[in-house]
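Enquirer: First the structure, then my questions, so here it is.
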Amino acid sequence: MPEYLAPGVYIEEIERGPKPIEGVATSTTAFLGETERGSTKPRLITSYNEYLRLFGDIYADDKYLPFAVRSFFDNGGKRCYIARILGKNSIIANADIGDLKVRAIGPGVWGNRIFVKIGPGTTLDQDRNPVGFKLQVAYWSRPLEESFDPFEKRDKLPRPSIEEEFDDLSVEKTSSLYFDKRVNNGNSALVELEPLVDSPEKPAELASAQLDEGDDGVSIIASDYKGEHQEA
């Protein structure tokens, strides 16, 4: 009941009967299925170009999710959530470089086609020493016959489908350039960095690696769509 604190005339409206059900937006949908690559964490997508950057292109005639997403945006769709799934026992490709572990952002053999290069950053301090380190990442949508450094051999084919570069990264957690802020949490469409020690050293020398050990796991079955074993 309302509390009247002063004398006077008050009007109180009282609703009678059931409250009508309000309409909700139907412009946002969700897709669950297999994609070329990417994280298994559901992700909001607002354009097909964004889908291409994070999850890859159409890669097989019997993998229908990319076709469905493209049709959704071609027919006026604006917002959708993508949830990538894989079979049980899938593994994330990775490699250790110095005090850092580089991991693909999601499991699967696609991560084995990622090349990473870490070295001194571009910006120098007053003593001509790099203030941070540089991370370069390349990804091929098809397997290579032979791994190579695409940032060194610019004229060698095939060229990567995606190239990323993050310069002047820091290993200090208090820095605005801390690698966890600049690279992780979806800022890179390909990789995440994880420290192997409590206080990692800034990479001082060039080092590179091809990620490996990625695996798609067993074939997907109907129960996999429940997401019981997907990445948290």
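The values are calculated or read from the model by the stated rules, or taken from the named source; none is laboratory data. Fair warning: this is a prediction, and the values are worked out from it, not measured in the lab. FYI the Cβ positions are ideal-geometry reconstructions off the backbone, even for glycines, and counts take in every protein chain you see. For accessibility, only protein heavy atoms count, side chains too; no ligands or nucleic acids. Shrake-Rupley method; radii C 1.70, N 1.55, O 1.52, S 1.80 Å.
Enquirer: Is it the case that R53 is assigned to a strand (DSSP E or B), in contact (Cβ under 8 Å) with a residue 24 or more places away in the chain, open to solvent by 20 Å² or more (accessible area, probe 1.4 Å) and basic (K, R)?
Expert: On the way: assigned to a strand (DSSP E or B): no; in contact (Cβ under 8 Å) with a residue 24 or more places away in the chain: yes; open to solvent by 20 Å² or more (accessible area, probe 1.4 Å): yes; basic (K, R): yes.
Judged against the criteria, R53 is not a match.
Enquirer: Quick one: is K101 out of contact with any helix residue (DSSP H, G or I) (no Cβ under 8 Å at 6 or more places or on another chain), basic (K, R), surrounded by fewer than 20 Cβ atoms within 10 Å (Cβ to Cβ) and in contact (Cβ under 8 Å) with a residue 60 or more places away in the chain? Explain how you work it out, then say what you get.
Expert: Numbers: out of contact with any helix residue (DSSP H, G or I) (no Cβ under 8 Å at 6 or more places or on another chain): yes; basic (K, R): yes; surrounded by fewer than 20 Cβ atoms within 10 Å (Cβ to Cβ): yes; in contact (Cβ under 8 Å) with a residue 60 or more places away in the chain: yes.
When the stated conditions are applied, K101 passes them.
Enquirer: Given the conditions (1) among the hydrophobic types (A, V, I, L, M, F, W, C); (2) closer than 22 Å to L177 by Cβ; (3) under 16 Å from the mean Cα position of the chain (by Cα), which single one is not true for W110?
Expert: Against the list (1) among the hydrophobic types (A, V, I, L, M, F, W, C); (2) closer than 22 Å to L177 by Cβ; (3) under 16 Å from the mean Cα position of the chain (by Cα), W110 comes up short only on (2).
Enquirer: Condition first: in contact with an Asp or Glu (Cβ under 8 Å, 6 or more places away or on another chain), of a type in the set (V, I, T) and outside any strand (DSSP E or B). Now tell me which residues in region 65-91 satisfy that. Quick ask: steps written out before the conclusion?
Expert: Of all residues in region 65-91, those in contact with an Asp or Glu (Cβ under 8 Å, 6 or more places away or on another chain) come to 65-66, 84-91.
When the remaining residues are screened for being of a type in the set (V, I, T), the result is 85, 91.
Once the filter is applied, which keeps residues that are in contact with an Asp or Glu (Cβ under 8 Å, 6 or more places away or on another chain), of a type in the set (V, I, T) and outside any strand (DSSP E or B), region 65-91 yields only I85.
Enquirer: Do we have I82 as open to solvent by less than 40 Å² (accessible area, probe 1.4 Å) and touching a Cys at 6+ places or on another chain (Cβ under 8 Å) here? Before you say what the answer is, go through the steps one by one.
Expert: On the way: open to solvent by less than 40 Å² (accessible area, probe 1.4 Å): yes; touching a Cys at 6+ places or on another chain (Cβ under 8 Å): no.
Judged against the criteria, I82 is not a match.
Enquirer: May I pose another question? Given the residues S90, S71, which is the only one that is surrounded by 20 or more Cβ atoms within 10 Å (Cβ to Cβ) and of a type in the set (S, T, N, Q)?
Expert: S90
Enquirer: Considering only region 193-228, state which residues are modelled with pLDDT of 95 or more, under 16 Å from K117 (Cβ atoms) and in a loop (DSSP other than H, G, I, E, B).
Expert: L211, the sole residue that qualifies.
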